[in-house]
Every structure is written in C-alpha cells, then in structure tokens.
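Down below is the structure, laid out as structure tokens.
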Amino acid sequence: LLTKTDEYYEGQILLAQEVGSGTLATFSFYDKSQGFYLLFNSDLNNPGAYTADSVGSFFDSVVFGFYESQQKPVYFGLNGASFTTADMSANGNLSDIISSTNVTYNSYNVNLDAQTQFYSAYLNAVSSRGWISGVASRGYFPAMQMTDFSSSIYGKPAFTLFNNQ
C-alpha cells in the first residue's frame, strides 16, 4: 500500500506512531515511508511531571535511538489537555468528559498551567535537538478560542508558546 501510494502522491509520506513510556516499535514496512509523525500525549494523572530536562532525557534515551535506526525525519505531534483528573475516579465513566454540559466537568477541572507546562517542557526540549524535524500541536481548534478543559491551545496560554517561536 505504501509503495502504491508513493507512486501517485508527490508529497512526503509519514507514518504516525504513538509514543508511550517505553521503546518505539519498528516494522519492516517502515522503510517505505519518508519519515515519522510521533504522537505524544500528556499524562492527565501526573500533569506536573513535565520539565525540559525530563522530556529531553526521554528523547535522548528512547526517541533518538528510534531516529538513528530509521535515519528518516521525525516530526512530533503534541497533545496536552487542560484538564485535571481529580474527580474522575469517583465517576468511573471516562466518556462523560466529552460532554461539556456535564456539571461534573466544569471550570474547576480546567488546569491551563498544566497544559502550558506540558507544551513548554516539550518545546524547550525540542529546540536543542536538531535531529527533530518539526513539532505541531495536535490540539488546535481554529474556529474558536477556547478556555475549557479541551486539548485545543487556541485562546489559552499554551498558544503563546507556539506563537512566539
């Protein structure tokens, strides 16, 4: 499929892969891509865990090895919600947080500082590593500036981190 796609598509073919806390999987078909879009999500259970040093250490110990083995550009897709999980264990139904009308999840569940800290740590760690080809926010809703618990950074302090780059 990747070979056939490459015949017709003139752009760069990137394979997306979610990055967990361990190693990054590799597969034989990876040689058919021109690069990788690595997906990083914030840990809602530990929002204060992100520093440029801890994220940079993770990049160096896990992600750089993947980059070296593939020798192709890597792009990072960051996704950090502005949501605190303090009340989630009592409810037990994680799908309820999708509904902004649920009174359990309102303004006291919004944590803009944790979202900003997540993006700040990642952007600072990325900036000193020339082997990373690019970074994007996966949480961006351009139609409206948000101040809710969503992953959108538009209208929130985390947006200024990207805007000032």
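Pairs meeting the criteria (first residue in the stretch 105-122 and closer than 19 Å to residue 77 by Cβ, second residue part of a helix (DSSP H, G or I) and at pLDDT below 85, beta carbons under 6 Å, at least 6 apart or on different chains) are 115/158; 116/157; 116/158; 119/158.
Residues are listed down the side, and each one gets a yes or a no for (1) of a type in the set (A, V, I, L, M); (2) at positive phi; (3) in a loop (DSSP other than H, G, I, E, B):
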position	(1), (2), (3)
4	no, no, no
7	no, no, no
15	yes, no, no
21	no, no, yes
36	no, no, no
53	no, no, no
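Evaluate the stretch 125-140: report whether one residue or more is more than 28 Å from residue 67 (Cβ to Cβ), assigned to a loop (DSSP other than H, G, I, E, B) and at pLDDT below 80. Checked against the condition, which is being more than 28 Å from residue 67 (Cβ to Cβ), assigned to a loop (DSSP other than H, G, I, E, B) and at pLDDT below 80, the stretch 125-140 yields no hits at all.
Residues that are among the charged types (D, E, K, R) and at pLDDT below 90 within the stretch 32-76 comprise 32, 43, listed in sequence order. Look at (1) more than 21 Å from residue 162 (Cα to Cα); (2) hydroxyl-bearing (Ser, Thr, Tyr); (3) modelled with pLDDT under 90 and you find that residue 82 fails only one, number (1).
The values are calculated or read from the model by the stated rules, or taken from the named source; none is laboratory data. Everything quoted here is computed from the prediction, not taken from an experiment. Ideal geometry is used to build each Cβ from the backbone, glycine not excepted, and the neighbour counts take in all protein chains shown.
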